[in-house]
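*Asks:* The structure under discussion is supplied below as structure tokens; questions concerning it will follow.
The values are calculated or read from the model by the stated rules, or taken from the named source; none is laboratory data. Keep in mind the model is a prediction, meaning the values are calculated, not measured. Counting neighbours? That spans all protein chains shown, and the Cβs are built from the backbone with ideal geometry, glycine included. Keep in mind that these areas ignore ligands, DNA and RNA; they rest on the heavy atoms of the full protein, side chains included. Shrake-Rupley method; radii C 1.70, N 1.55, O 1.52, S 1.80 Å.
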Amino acid sequence: MRIAEELGVNAEVVLYLKTPPDADTLRGIIAKLEDPVTDLVRRDSMWAKLGLADADAATPEQVVALLVKHKQLLQRPVVVTPTTAIIGRPKERVRELLS
């Protein structure tokens, strides 16, 4: 959000735990995504706790199903414009996209 403000870009922040994206929203993001779809899924302690493997998030539909069921696994930040979506890591990617 800070980068958007610095660049004078209006941005809507979606608090994904309060209002998680539904399956259709996730499909829309994936359709614009410049990154591999599997990068939308965090491989963290929750991933390990659930006993997941890379094969569980190998296709767009698997990623959608997984993120609908376990919203905490959504990688963030995800920056979405009308034509493009990226995972905003490192932060410089956000600046490049919004510039």
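*Asks:* Taking the condition of being among the basic types (Lys, Arg), touching a strand residue (DSSP E or B) at 6+ places or on another chain (Cβ under 9 Å) and either within 27 Å of Asn10 (Cβ to Cβ) or modelled with pLDDT under 95 (or both), how many residues in region 41-99 meet it?
*Replies:* The number of residues fulfilling the criteria is 2.
*Asks:* Arg89: over 17 Å from Glu6 (Cα atoms) and either in contact (Cβ under 8 Å) with a residue 40 or more places away in the chain or not in a helix (DSSP H, G or I) (or both), yes or no?
*Replies:* yes
*Asks:* Looking at (1) under 19 Å from Val94 (Cα atoms); (2) among the hydrophobic types (A, V, I, L, M, F, W, C); (3) open to solvent by 50 Å² or more (accessible area, probe 1.4 Å), which one does Ala65 not meet, given that it meets all the others?
*Replies:* For Ala65, the failing item is (1).
*Asks:* Considering Asp39, Asp24, Asp56, which residue is touching a residue at least 12 places away in the same chain (Cβ under 8 Å), among the charged types (D, E, K, R) and outside any loop (DSSP other than H, G, I, E, B)?
*Replies:* Result: Asp39 is the single residue among Asp39, Asp24, Asp56 that is touching a residue at least 12 places away in the same chain (Cβ under 8 Å), among the charged types (D, E, K, R) and outside any loop (DSSP other than H, G, I, E, B).
*Asks:* Among the residues of region 2-19, which ones are closer than 16 Å to Ile87 by Cα and surrounded by 11 or more Cβ atoms within 10 Å (Cβ to Cβ)? First the steps, then the outcome.
*Replies:* Applying the first criterion (closer than 16 Å to Ile87 by Cα) to region 2-19 yields 2-4, 11-16.
Result: Ile3, Ala4, Ala11, Val14, Tyr16.
*Asks:* With Ala4, Ala85, Ala11, Ala31 as the choices, which residue is in contact with a Lys or Arg (Cβ under 9 Å, 6 or more places away or on another chain) and among the aliphatic types (A, V, I, L, M)?
*Replies:* Going through Ala4, Ala85, Ala11, Ala31 in turn, the sole match is Ala85.
*Asks:* Going through Lys71, Lys49 one at a time, which residue ends up being under 11 Å from the mean Cα position of the chain (by Cα), more than 26 Å from Glu96 (Cα to Cα) and among the charged types (D, E, K, R)?
*Replies:* Of Lys71, Lys49, the one residue that is under 11 Å from the mean Cα position of the chain (by Cα), more than 26 Å from Glu96 (Cα to Cα) and among the charged types (D, E, K, R) is Lys71.
*Asks:* For region 27-38, which positions are of a type outside the set (Gly, Ala, Ser) and open to solvent by 70 Å² or more (accessible area, probe 1.4 Å)?
*Replies:* Arg27, Glu34, Pro36
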